[in-house]
Amino acid sequence: MTKRPYVIDEMISAKAIAARIEELSREIHAEFKDTNKLVVVGLLRGSFVFIADLVRELDLPVEVDFLEASSYGDGMETSREVRILKDLRGAIEGRDVLVVEDIVDTGFTLSHVIHLLESRNPARMKTIALLDKPSRREVPIKADWTGFQIPDEFVVGYGIDFAQRNRNLGYIGKVRFTD
């Protein structure tokens, strides 16, 4: 855990997040309206708040599963080595899948997860990210849907943490060190 003092400046309000999720849910519904069940795969831990709000807005039959992948640990920079810490409980072969990510930064994690899940032969698979930082991209990947594009800032809140803190904020905030 960091000992450097910092403050959090609000970047994206809770109200703006809720409005965007409502819009995204309509687009996802249009894409998957013919599904008999959509497997919504949340990438832990940062996506848990986003996935909860998103599935409540989806007017589709859904099943929720989780996969935990890590390339950060407690730091602010990616290690570029993606580790799967928790795999899915259920099979996705022949099923419709929506992968939910909190933030696409360098692209390493989402790219790794997509390749892993594609090897399990889903019927179709789409991706959604709450946040996208294209200026940091090192792997050519883009989510099918994105909530918000943000600049290269270290952010917390709405499930996203800094050394396991600040996940409980209802908004997305920028970390600013005060020392």
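The values are calculated or read from the model by the stated rules, or taken from the named source; none is laboratory data. The structure presented is a predicted model; accordingly, all values stated were derived computationally and were not measured. Neighbour counts are summed over all protein chains in view; Cβ atoms, including those assigned to glycine, are modelled from backbone coordinates with ideal geometry.
Can you report the number of residues in region 19-63 which are touching a residue at least 12 places away in the same chain (Cβ under 8 Å) and over 16 Å from residue 95 (Cβ atoms)?
Total meeting the criteria: 20.
Against the condition within 23 Å of residue 8 (Cα to Cα), without any contact (Cβ under 8 Å) to a residue 40 or more places away in the chain and out of contact with any Cys (no Cβ under 8 Å at 6 or more places or on another chain), how does residue 151 come out, does it pass?
Considered against the rule, which asks whether it is within 23 Å of residue 8 (Cα to Cα), without any contact (Cβ under 8 Å) to a residue 40 or more places away in the chain and out of contact with any Cys (no Cβ under 8 Å at 6 or more places or on another chain), residue 151 comes out as yes.
Filter region 117-152 down to residues that are of a type in the set (A, V, I, L, M, F, W, C), part of a helix (DSSP H, G or I) and modelled with pLDDT under 95, then give me how many there are.
Residues meeting the conditions: 0.
Just to be sure I understand, how many residues within region 125-136 are touching a residue at least 60 places away in the same chain (Cβ under 8 Å) and in contact with a Lys or Arg (Cβ under 9 Å, 6 or more places away or on another chain)?
Of the residues in region 125-136, 1 are touching a residue at least 60 places away in the same chain (Cβ under 8 Å) and in contact with a Lys or Arg (Cβ under 9 Å, 6 or more places away or on another chain).
Please pick out the residue among 132, 152 that is acidic (Asp, Glu) and buried (at least 18 other Cβ atoms within 10 Å of the Cβ).
Details: 152 fails: buried (at least 18 other Cβ atoms within 10 Å of the Cβ).
Of 132, 152, the one residue that is acidic (Asp, Glu) and buried (at least 18 other Cβ atoms within 10 Å of the Cβ) is 132.
Mind checking whether some residue in region 61-84 is exposed (fewer than 13 other Cβ atoms within 10 Å of the Cβ) and modelled with pLDDT of 95 or more? Write out each step before concluding.
Our first condition is that a residue be exposed (fewer than 13 other Cβ atoms within 10 Å of the Cβ); within region 61-84, this holds for 61, 73-77, 79-81, 83.
Still in the list and also modelled with pLDDT of 95 or more: 61.
Within region 61-84 (the criterion being exposed (fewer than 13 other Cβ atoms within 10 Å of the Cβ) and modelled with pLDDT of 95 or more), the answer is yes, since at least one residue qualifies.
I'm trying to understand the selection: among the residues of region 127-179, which are in contact with a helix residue (DSSP H, G or I) (Cβ under 8 Å, 6 or more places away or on another chain) and among the small types (Gly, Ala, Ser)?
Scanning region 127-179 gives 129, 143, 147, 159, 170.
Only one of 104, 100 is touching a Gly at 6+ places or on another chain (Cβ under 7 Å) and closer than 30 Å to residue 153 by Cα; which?
Numbers: 104 fails: touching a Gly at 6+ places or on another chain (Cβ under 7 Å).
Unique residue meeting the criteria: 100.
Can you spot a residue in region 157-172 that is on the phi > 0 side of the Ramachandran plot, of a type in the set (Gly, Ala, Ser), at pLDDT 95 or above and in a strand (DSSP E or B)?
So far as region 157-172 goes, yes, one or more of its residues are on the phi > 0 side of the Ramachandran plot, of a type in the set (Gly, Ala, Ser), at pLDDT 95 or above and in a strand (DSSP E or B).
What single numbered condition from (1) surrounded by fewer than 17 Cβ atoms within 10 Å (Cβ to Cβ); (2) over 12 Å from residue 104 (Cβ atoms) fails to hold for residue 161?
Result: residue 161 fails condition (1) only.
Please specify each residue of region 8-43 satisfying the condition of being part of a strand (DSSP E or B) and surrounded by 12 or more Cβ atoms within 10 Å (Cβ to Cβ).
Passing the criteria: 8, 10, 11, 12, 38, 39, 40, 41, 42, 43.
Of all residues in region 111-124, count the ones that are free of Cβ contacts under 8 Å to residues at least 40 places away in the same chain and within 14 Å of the chain's Cα centre (by Cα).
Matching residues across region 111-124 total 2.
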